[in-house]
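Below is one structure; the comments refer to it alone.
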Amino acid sequence: MSKSLPEQTRTPAPAGVFTLVITGAPYSSQAPSTALHFARAALAANKRIDRVFLYGDGVHLASSLSAPPSDELNLSEAWAAFLTENSIPGVACIASALRRGLVNEAEMHRYELSASNLREPFEIAGLGEWVDSAASESRILYFHKGG
Amino acid sequence: MSTLIIIDQSPYGSWEGREALDMAFSLAAFDQPVSLLFCGAGVNWLRKGQDAGKIQQKSIERNLAAAPVFGVEALFADRRACDQYGLAGTDLLDHVSITDVGPDFTGRFDHVAFAG
C-alpha cells in the first residue's frame, strides 16, 4: 500500500503524530470507517497515531455488543483489532459513554447497572486525554457524522 | 496552544453543542487557552432568557454565563449569523463579542475544532 502513496514533501502534522477524534456513530455515520481508512494510511506512511478518542455518539464504536450480519463489516471489531495490533490507545470519553449506555466493569458497579459492554482494548477516561493531545505537538483530526 | 471551538448548531436539538461546551471547559480546567465561536444557527445559544424546562432540559444559559469564570477566554458570535437571526448585541448574553469571521479570525488560533 505504501508504494502507491505519493511522496510527501509537506505534512499537516509537523511532528508526524496524529490524534483521531471520532464523534460519529458506527452505522449511522461514515466517521468510524473513514477514520479507520485514514489510520491505516497514516501508519503505512510512517506516521504515528498517539491516541484515538471517542466522543459523543462515537463512543458506540467501543461497544462489545454490536453484532452486525456476518457479511457486513463489524466496525467495532475492526477498530479493536487495529488498535491492538498497533498498540494504539483507544479511549472513550466517560461522560459521553455513561450517557449512552457504554460502561466498563468499574462503572457498572459504581452505578449499579446490570451489565458492562466495553470492548477491549478500549478504555474509558475523561476529556483530559483529549486535552493532553491538544496541548501536544500532535495534530488532531476530527471525524464527525457530517451532513 | 490556543483552541477555538465552533458551535454551528442550534441549542437543545442534540447533545453535540453541550458536549462541545464540555470540551471547552475541560481545556480551560487544564489551563489551556480556549475560546468559543457561535455561528449559523449556533448563535441562538447566546440568547438571553432561555427556558428549556418544558422539554426537560437544563438551560444552557447559565453554563455559558459561567464560561468566563471557568477560564474560557472569550465567547464570539458571528456577525452575519446574528443579522440573519435578528439578534442585536442587547439580545445576547453578557461577555459575548460580535465579530466578523474569516481566515484572519480563525488564523489567530492554533487549533480550530467544530462541535460535531
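Coordinate-derived values only; no laboratory data. What you see is a predicted model, and the numbers here were worked out from it, not measured in a lab. Note that we place each Cβ from the backbone using ideal geometry, even for glycine, and neighbour counts take in every protein chain shown.
Which whole-Hz ³J(HN,Hα) couplings does segment A:96-109 yield from phi under the Karplus relation 6.51 cos²θ - 1.76 cosθ + 1.60, θ = phi - 60°, glycine and proline marked x?
Taking θ as phi minus 60°, the curve returns 5, 5, 5, 4, 9, x, 10, 9, 8, 5, 4, 6, 4, 5 Hz for segment A:96-109.
Below 8 Å, C-alpha to C-alpha, sequence gap of six or more: please give me the relative contact order for chain A in percent.
Value for chain A: 33 percent.
Looking at chain B, send over the antiparallel percent of its DSSP beta bridges, to the nearest 5.
5
Given H placed 1.01 Å from N in the peptide plane, which residues other than close sequence neighbours of A:ILE49 have an amide H under 5 Å from its amide H?
A:PHE18
Per residue of segment A:31-46, in order, report the coupling 6.51 cos²θ - 1.76 cosθ + 1.60 (Karplus, θ = phi - 60°) as ³J(HN,Hα) in whole Hz, putting x for Gly and Pro.
3, x, 6, 4, 5, 5, 4, 4, 4, 5, 5, 5, 5, 5, 8, 6
Mind listing the phi-derived Karplus ³J(HN,Hα) values for segment B:63-78, rounded to whole Hz, using 6.51, -1.76 and 1.60 with θ = phi - 60°, and x for any glycine or proline?
4, 5, 4, 7, 3, x, 5, 7, x, 6, 5, 7, 10, 10, 10, 5
Enter the mean number of other protein chain beta carbons within 10 Å of the beta carbon of each residue in B:13-24, as an integer.
If you average over the peptide's residues, the count of other-chain Cβ atoms is 4.
In segment A:72-133, which chymotrypsin sites (Phe, Trp or Tyr not before Pro) are in a loop and have at most 16 other Cβ atoms within 10 Å, using DSSP for the loop call?
For chymotrypsin sites (Phe, Trp or Tyr not before Pro) across segment A:72-133 that sit outside H, G, I, E and B with at most 16 neighbouring Cβ atoms in 10 Å, the list reads A:TYR111.
Take every residue in peptide A:55-64, count the Cβ atoms of other chains within 10 Å of its Cβ, and give the average of those counts.
Per residue, the number of nearby Cβ atoms from other chains is 2 on average.
Report D for segment B:3-114 in µm² per second (integer): Stokes-Einstein, Kirkwood Rh on Cα pairs, 4 °C, 1.567 mPa s.
In µm²/s, the coefficient rounds to 92.
Normalised by the residues of segment B:3-114, what does the relative contact order come to in percent, with Cα pairs under 8 Å and at least six apart?
Relative CO of segment B:3-114 lands at 33 percent.
May I ask you to list the GluC sites (Glu not before Pro) in segment A:33-126 that are in a DSSP loop and have at most 15 other Cβ atoms within 10 Å of their Cβ?
Taking segment A:33-126 and a limit of 15 other Cβ atoms within 10 Å, the loop GluC sites (Glu not before Pro) found are A:GLU72, A:GLU112.
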